[in-house]
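Asks: Below is the structure I would like to discuss, written out as structure tokens.
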């Protein structure tokens with residue numbers, strides 16, 4: 001079966017509810033990983049998405065962070081929080097398994113990786129430690145030899161071709177060598193950057209700041225990624241960036257990224 005998985009940092013689900021529901025109604029992805037919902041679980045507006053045919057699972061936090069999974073197929077084995085630090089209470093990770101019918105199943109996570117700025121602060125130490133935990137968890141998932149997608153706002157600019165002005169961003173936590181090295185470590189484990197598996201063109205951005213006319217000048221960066229296991233990469237057909245959504249009414253500063261898979265005859 002064909003299966004589409006999207007990731008989108010919505011920058012506040014309350015502020016962007018109509019925008020998100022409108023895009024879902026038009027694009028109809030099968031599974032959606034949302035980040036920065038900025039709302040506690042009990043306040044999440046699930047009903048509009050349920051009316052569109054989505055099952056909803058959230059890991060929310062009042063006013064900050066927060067991630068969610070929406071799926072047209074049942075969500076199973078839902079887990080909340082990135083393993084490896086029981087003292088970390090920031091809502092940045094949710095994971096579930098979705099049945100792909102005769103094609104088996106796919107595990108999907110929505111993650112919101114810490115920004116880490118300024119680099120000379122505890123925020124950057126937390127970012128690096130979170131990335132180390134993510135890499136350890138990815139290694140554990142790879143040992144299961146199943147299809148999975150780690151989708152979300154990584155707050156990582158992987159390479160200079162992913163930023164409009166590399167020199168201007170060189171000292172930012174999103175670009176520092178330690179950050180990029182940990183992102184590359186995911187690839188070294190065996191994961192693929194879904195967009196780069198399909199298209200190596202530079203200048204394909206997923207985020208434009210609200211300030212200084214960044215959208216109008218195309219001063220963007222690529223920080224929203226879908227990292228996929230070999231079993232998922234083998235079934236990857238295409239990846240698209242829904243760039244036009246940045247120019248809509250009440251836009252997020254991020255846009256959706258959608259990966260298309262073919263799970264016909266796949267095995268878990």
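The values are calculated or read from the model by the stated rules, or taken from the named source; none is laboratory data. Since the structure is predicted, the reported quantities are computational estimates derived from the model, not experimental observations. Reconstructed Cβ throughout: ideal geometry from the backbone, glycine too, with neighbour counts over all protein chains shown.
Asks: Just to be sure I understand the filter: pairs with C-beta atoms under 6 Å, separated by 6 or more residues or on different chains, first member in region 33-46 and within 23 Å of residue 115 (Cα to Cα), second member surrounded by fewer than 21 Cβ atoms within 10 Å (Cβ to Cβ). Which pairs pass?
Replies: Note: pairs meeting the criteria are 36/11; 38/12; 38/63; 40/62.
Asks: Spot the failing condition for residue 4; the list is (1) touching a residue at least 60 places away in the same chain (Cβ under 8 Å); (2) under 30 Å from residue 128 (Cβ atoms); (3) assigned to a strand (DSSP E or B), and only one is missed.
Replies: Just one mismatch for residue 4, condition (2).
Asks: Right, another one. Give me the pairs, please: first residue somewhere in region 82-96 and in contact (Cβ under 8 Å) with a residue 24 or more places away in the chain and on the phi > 0 side of the Ramachandran plot, second residue anywhere and part of a loop (DSSP other than H, G, I, E, B) and surrounded by 16 or more Cβ atoms within 10 Å (Cβ to Cβ), beta-carbon distance under 6 Å, and either six or more positions apart or on two chains.
Replies: Correct list of pairs: empty, since none qualify.
Asks: Is it true that some residue in region 20-28 is free of Cβ contacts under 8 Å to residues at least 60 places away in the same chain and not in a helix (DSSP H, G or I)?
Replies: yes
Asks: Residue pairs, Cβ under 8 Å, 6 or more apart or interchain, first in region 196-217 and under 15 Å from residue 163 (Cα atoms), second surrounded by 12 or more Cβ atoms within 10 Å (Cβ to Cβ) and at pLDDT below 95. List them.
Replies: Pairs found: none.
Asks: Can you confirm whether region 49-58 contains a residue that is surrounded by 20 or more Cβ atoms within 10 Å (Cβ to Cβ), in a strand (DSSP E or B) and touching a strand residue (DSSP E or B) at 6+ places or on another chain (Cβ under 8 Å)?
Replies: Checked against the condition, which is being surrounded by 20 or more Cβ atoms within 10 Å (Cβ to Cβ), in a strand (DSSP E or B) and touching a strand residue (DSSP E or B) at 6+ places or on another chain (Cβ under 8 Å), region 49-58 yields at least one hit.
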